[in-house]
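No value in this document is a laboratory result; all are computed from the given coordinates. This structure is a prediction, so every number in the text was calculated from the model and none was measured. Ideal geometry is used to build each Cβ from the backbone, glycine not excepted, and the neighbour counts take in all protein chains shown.
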Amino acid sequence: MKLERRRDNQQWILDYLTKTTGRVVSFSQDARTLPAEVKSYKMIPRVVEKHARHTETIARAAEKAGHFQTAAELYWNACEYYREAQHAIYEDDNPEKIYLHGKLLECFERMSNYADHPIERVEIPFEKNFIQGVFHMLPGRPKAATVLHLPGMDQTKESRLDPLHHPYVMRGLNCLQIDGPGQGTSNIRKIRLTADNYRRAAKASMDWLCARGEVDAERLVVTGYSFGSHWAMELAAIDDRVKAIATAAATYGPKRALFEQASPRSKQVGMYMADIHDEDEFDAFADQLVIDEFAPNVACPSLFCAGEYDDVGPIEEVLDVYRLVPPPKELWVIENGFHNPIGTSNFGGTGFFGVLADWLNDALAGKKPADLDRLVLIPVRGGAGPYSEPVPGIFLPERAGRTNTGLTQAQLGPAGVRRG
């Protein structure tokens, strides 16, 4: 009896970790993302749906009472529950997934009615189909600089960026968030992820933005989170309309750690996104997901943000890609950080995306000199966060203030090091 993936035989471990940590990925992080009632992975959709339905019911009652701000906040909370519930199912035409995803769209739409800035669900033409996005605009819809945001493989266009306190809109930037191939609505429409079609979808999104009256086409920037950091880098390398990029939860290097060493759920979802059911075929596909050939062609200011101990984006691989990108560039290494910088003490507990927006606004204002090559170790505490002074390196012994990295005389001994 053959399993679809070799790592499917680790399902019992995933079940145990789901129960004990309340997480299905990034187990090094402390915060639970699942209710305590979830005791195994298969419980996620129906148990989380109960929380979503409860929250939505309160939202509807608040709406009926005319308490629209409260209703909006509750609808947003319900969105997050429905998103988590539907994402646990990686199977085409599954009626539970279809229902849960539909509820995600419904609650997001109801929330949008009460936001303090215009939010529009949009359809972007893409290769005989349409990519769905949500477009956040500044109040009054003035022509403004705009961000294209590319989510990660465990996210959708509705997630991560709080629509009621949108960090980009609050800093004067429109924002288009998309479900690229293999994500969210694209999964429902069976728009599969290939090795090269996400960057084409992102480019089509840039075309769409340039046709909108609210968008200053000369001031387009891109953010990418998790796997979105990979796709953002590809887009910046092929589209000179991108004036700056800022990416986080780094997934720049080879995808070995993501699919072979991190949670087995990552490979399960990855194969679903690509609609590949033969593991050897998927491994060959994943081997193509590298950006070494794109990195040298990035010609705009670039910000990289990486956790020091990210389990899916090892810092050594991040540095390899960073060295390939020409200046102006900056790398923030988050001390003791993993795959999620949001809310960490390194950034003073902020939502994090605001500091990305600040960096992008500075780049658009010409504040990133052409020779910028800045490495910042952002301490857990005691420093100035992303405003800290640059460091010469992040590894020992440079980190301890030593520049001599060779063997000492005591280590060499009388005969030195002999090989063979």
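So that you can scan it fast, the table gives a plain yes or no per residue for (1) under 25 Å from the mean Cα position of the chain (by Cα); (2) farther than 15 Å from E109 by Cβ; (3) among the acidic types (D, E):
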| residue | (1), (2), (3) |
| --- | --- |
| H54 | no, yes, no |
| R60 | no, no, no |
| H67 | no, yes, no |
| A72 | yes, no, no |
| C79 | yes, no, no |
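Just the residues that are of a type outside the set (A, V, I, L, M), surrounded by fewer than 19 Cβ atoms within 10 Å (Cβ to Cβ), under 28 Å from A365 (Cα atoms) and without any contact (Cβ under 8 Å) to a residue 60 or more places away in the chain, please, taken from the range 292-342. Scanning the range 292-342 gives P296, R323, P326, P327.
Which of the strands (runs of 3 or more DSSP E) found entirely inside the range 290-390 contain at least 3 residues meeting this: closer than 20 Å to L235 by Cβ and not acidic (D, E)? Because the criterion is at least 3 residues that are closer than 20 Å to L235 by Cβ and not acidic (D, E), the strands (runs of 3 or more DSSP E) in the range 290-390 that meet it are 302-307. Under the condition of being surrounded by fewer than 19 Cβ atoms within 10 Å (Cβ to Cβ), touching a helix residue (DSSP H, G or I) at 6+ places or on another chain (Cβ under 9 Å) and either at positive phi or aliphatic (A, V, I, L, M) (or both), the residues counted in the range 63-88 number 1. Selection of the range 30-40 for residues being surrounded by fewer than 18 Cβ atoms within 10 Å (Cβ to Cβ) and either among the aliphatic types (A, V, I, L, M) or touching a strand residue (DSSP E or B) at 6+ places or on another chain (Cβ under 8 Å) (or both) yields A31, A36. Residues in the range 224-272 that are basic (K, R), crowded, with 22+ Cβ neighbours inside 10 Å and within 21 Å of P296 (Cα to Cα): K255 only. Just name the residue that is farthest from M153 (Cα to Cα) out of those in the range 4-29 that are of a type in the set (D, E, K, R) and surrounded by 15 or more Cβ atoms within 10 Å (Cβ to Cβ). By that ranking, first place goes to K19. Within this structure, R110 passes the test of being over 18 Å from the mean Cα position of the chain (by Cα) and touching a residue at least 24 places away in the same chain (Cβ under 8 Å).
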